[in-house]
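Q: Dropping the structure in here first, questions after.
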Amino acid sequence: MDFISILSIFVLACFVGYYVVWSVTPALHTPLMAVTNAISSVIIVGGLIAAAEAGSDVAKWLGLAAVVLASVNIFGGFAVTERMLAMYKKKDK
Amino acid sequence: MMSFLAPAADAAAHGGGTPAWAMLAYLIAGVFFILALRGLSSPATSRAGNRNGMIGMAIAVITTLVTHDIANIVEIGIAIFLGGIIGVTIARKIAMTAMPELVAGFHSLVGLAAVLVGWAAYLNPGAFGLLTGDGSIGAVSKIEMGLGIAIGAITFSGSVIAFAKLSGKMSGSPIMLPGRHVINLGVLGAIIVLTALFALAGPGDTMPLIVAVTVLAFVIGFLLIIPIGGADMPVVVSMLNSYSGWAAAAMGFTLGNTAMIITGALVGSSGAILSYIMCRAMNRSFISVIAGGFGADDSGGGKGEPREQRPYKQGSAADAAYMLEQAERVIIIPGYGMAVAQAQHALREMADVLEAKGVEVKYAIHPVAGRMPGHMNVLLAEASVEYDKVFELEDINSEFAQADVAFIIGANDVVNPAAKTDKSSPIYGMPVFDVDKAKQVFFIKRSMGGVGYAGVDNDVFYMDQTMMLLSDAKKMVEEIVKAMD
């Protein structure tokens, strides 16, 4: 993809982010931080490419290390968010 | 020199042309991430939102694996499994009071992962499709790479300091280096100049430049966070959240990956908005938080002026219990002190007893109650307080005039009327609860000596309708519950 297409996606996504995040209820700001943490670990994609491709052994090991770190975040982030969200209950009397 | 680290040219055959279906899949993953945040607009839809996040992540990971060599699939599987086990174990065990340091710790991992991916892309550009016609990395790619590594490194070292401060492994008081603003600006300037030189340098000269960018970025992350005091940590955690997003976005630019760009933009905006909300709730400008120094212990005579002894009323648990039972409307204002005393479960029990007697109980949450945005809501949810009884500052502040009792537990600065009236007060301008409008105010506090984060006296202590309940928060609430039976 050329730079301008990528930049277009980025700028539009910033606006989407702005409006979506303002619509998040303040009561869920801590789960919001936990889940944004988990999804920002989509950077695992870069680690996977480096780990999977031939060409440089050093890059492969850096990639694998990145995959471990990002996996801690992905599994930990989603799991702790799930745990928090399960605690939010409405009055059912 | 360092030929073993040199990008291998034979990798040029790989990468580059990502198939159209894969690009579509990354876009779909990005849409799922948007839906994940959208779900958080209400607790009812939030869990479905979280599932959408997981689906998006699975799509991104599987797409990547399918479209690349899977020669190292065993190692990759082990890496994911190892990380997954560690992540899930931490997520299960962590106490809800420790959420801020957990989030800070997780941010540091994203930052470090970004640095590693940036370096991997530098060392094996062919795998990422970054090679231009003459077998070198393009200048634009190098700028994106340099920025990604720099932001990732700042996120990492900044988050490590934030983690150490929040978990008490390091003193929360600011560490002020002489001339730190000059040093910080100098280092930031150097990072920008070196990144530009890195982009323009010939293939043989780039290694020392990217090493320098990486090292300086680690240093600046450290320098930026050490002067920031404990009270400002909610802003710092939000700010680092934002950085981790921008790091992912920069890497997305390098790889031309839409899932990473969309996510980076979402997370970056999210952290920026949360920082703004926190600053507004403390009436502090973002710049003054970054400049640091708030909550310093060594500020000299300023705060040491002798406080005049003013008369106040002290009550017992039995008095409080009697008056609570007579009330029709009670508003509870919990602060971080409540969580420190682990009084939230006892508090819920007290509210249950009152509700059984027909008293209406509501909870009022200030945005800075707790150590990170929304922290107090999670702590109350953990104590099984239903979320429809919990209200934000602007939604409940008008109700104090009709409240019979304002019950303050572990909070202080957020009810201080000096924020509204005293221009010389350090918390002047901060939005506060109008507890003085309630018929009765009960103030649970360990002793009359301690003051809030801001270190200022509170007129609420001395009002006619205020009864001070001087004790450990948990013990006092338990005694009130006992006295009501």
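Q: Any idea how many residues of the stretch B:66-87 are within 7 Å of chain A (Cβ to nearest Cβ) and surrounded by fewer than 17 Cβ atoms within 10 Å (Cβ to Cβ)?
A: Qualifying residue count, the stretch B:66-87: 5.
Q: Kindly check whether there is at least one residue in the stretch B:139-146 that is in a helix (DSSP H, G or I), touching a Leu at 6+ places or on another chain (Cβ under 9 Å), facing chain A (nearest Cβ under 7 Å) and surrounded by 24 or more Cβ atoms within 10 Å (Cβ to Cβ).
A: Among the residues of the stretch B:139-146, not one is in a helix (DSSP H, G or I), touching a Leu at 6+ places or on another chain (Cβ under 9 Å), facing chain A (nearest Cβ under 7 Å) and surrounded by 24 or more Cβ atoms within 10 Å (Cβ to Cβ), which makes the answer no.
Q: With the condition being more than 30 Å from B:Val414 (Cα to Cα), I'd like the helices (runs of 4 or more DSSP H) fully within the stretch B:176-294 carrying at least 2 qualifying residues.
A: Because the criterion is at least 2 residues that are more than 30 Å from B:Val414 (Cα to Cα), the helices (runs of 4 or more DSSP H) in the stretch B:176-294 that meet it are B:180-200, B:206-225, B:233-255, B:258-282.
Q: Can you pull out the residues in the stretch A:59-84 that are at the interface with chain B (Cβ under 7 Å from one of its Cβ atoms) and either among the aromatic types (Phe, Trp, Tyr) or not in a helix (DSSP H, G or I) (or both)?
A: A:Phe75, A:Phe78
Q: Follow-up. Please pick out the residue among B:Ala44, B:Ala60, B:Ala48 that is touching a residue at least 60 places away in the same chain (Cβ under 8 Å) and either more than 7 Å from every other protein chain (Cβ to nearest Cβ) or over 20 Å from B:Ala381 (Cα atoms) (or both).
A: Sole residue among the options that is touching a residue at least 60 places away in the same chain (Cβ under 8 Å) and either more than 7 Å from every other protein chain (Cβ to nearest Cβ) or over 20 Å from B:Ala381 (Cα atoms) (or both): B:Ala60.
Q: What pairs come up if the first residue lies in the stretch B:130-153 and is free of Cβ contacts under 8 Å to residues at least 60 places away in the same chain and farther than 15 Å from B:Ala196 by Cα, the second is buried (at least 24 other Cβ atoms within 10 Å of the Cβ) and of a type in the set (Gly, Ala, Ser), and their beta carbons are under 9 Å apart, counting only those six or more places apart or on different chains?
A: Listed by first residue and then by second, the contacts come to B:Thr132/B:Ser141.
Okay, residues lined up against (1) more than 19 Å from A:Arg83 (Cβ to Cβ); (2) in contact (Cβ under 8 Å) with a residue 24 or more places away in the chain; (3) at the interface with chain A (Cβ under 10 Å from one of its Cβ atoms); (4) in contact with a Ser or Thr (Cβ under 8 Å, 6 or more places away or on another chain):
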site: B:Asp352; (1), (2), (3), (4): yes, no, no, no
site: B:Glu360; (1), (2), (3), (4): yes, yes, no, no
site: B:Ile365; (1), (2), (3), (4): yes, yes, yes, no
site: B:Asp404; (1), (2), (3), (4): yes, yes, no, no
site: B:Asn412; (1), (2), (3), (4): yes, yes, no, no
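Residue-wise test of (1) under 21 Å from B:Asp457 (Cβ atoms); (2) among the hydrophobic types (A, V, I, L, M, F, W, C); (3) more than 29 Å from the chain's Cα centre (by Cα).
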{"position": "B:Gly315", "(1), (2), (3)": "yes, no, yes"}
{"position": "B:Gln342", "(1), (2), (3)": "no, no, no"}
{"position": "B:Lys357", "(1), (2), (3)": "no, no, yes"}
{"position": "B:Ile365", "(1), (2), (3)": "no, yes, no"}
{"position": "B:Ala383", "(1), (2), (3)": "no, yes, no"}
{"position": "B:Val390", "(1), (2), (3)": "no, yes, no"}
{"position": "B:Asp395", "(1), (2), (3)": "no, no, no"}
{"position": "B:Gln402", "(1), (2), (3)": "no, no, yes"}
{"position": "B:Val414", "(1), (2), (3)": "yes, yes, no"}
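Q: Condition (residue is β-branched (Val, Ile, Thr), free of Cβ contacts under 8 Å to residues at least 24 places away in the same chain, over 30 Å from A:Met1 (Cα atoms) and outside any helix (DSSP H, G or I)) applied to the stretch B:63-75: is it met by at least one residue?
A: Within the stretch B:63-75, not a single residue is β-branched (Val, Ile, Thr), free of Cβ contacts under 8 Å to residues at least 24 places away in the same chain, over 30 Å from A:Met1 (Cα atoms) and outside any helix (DSSP H, G or I).
Q: Looking only at the stretch B:346-386, count how many residues are within 22 Å of B:Ile94 (Cα to Cα) and hydroxyl-bearing (Ser, Thr, Tyr).
A: Result for the stretch B:346-386: 1.
Quick note: the coordinates plus some simple rules give every number you see, no bench work behind them. A quick note: this is a predicted structure, and the numbers were derived from the prediction, not measured. All Cβ positions, even for glycine, are placed from backbone atoms using ideal geometry, and neighbour counts span all protein chains on display.
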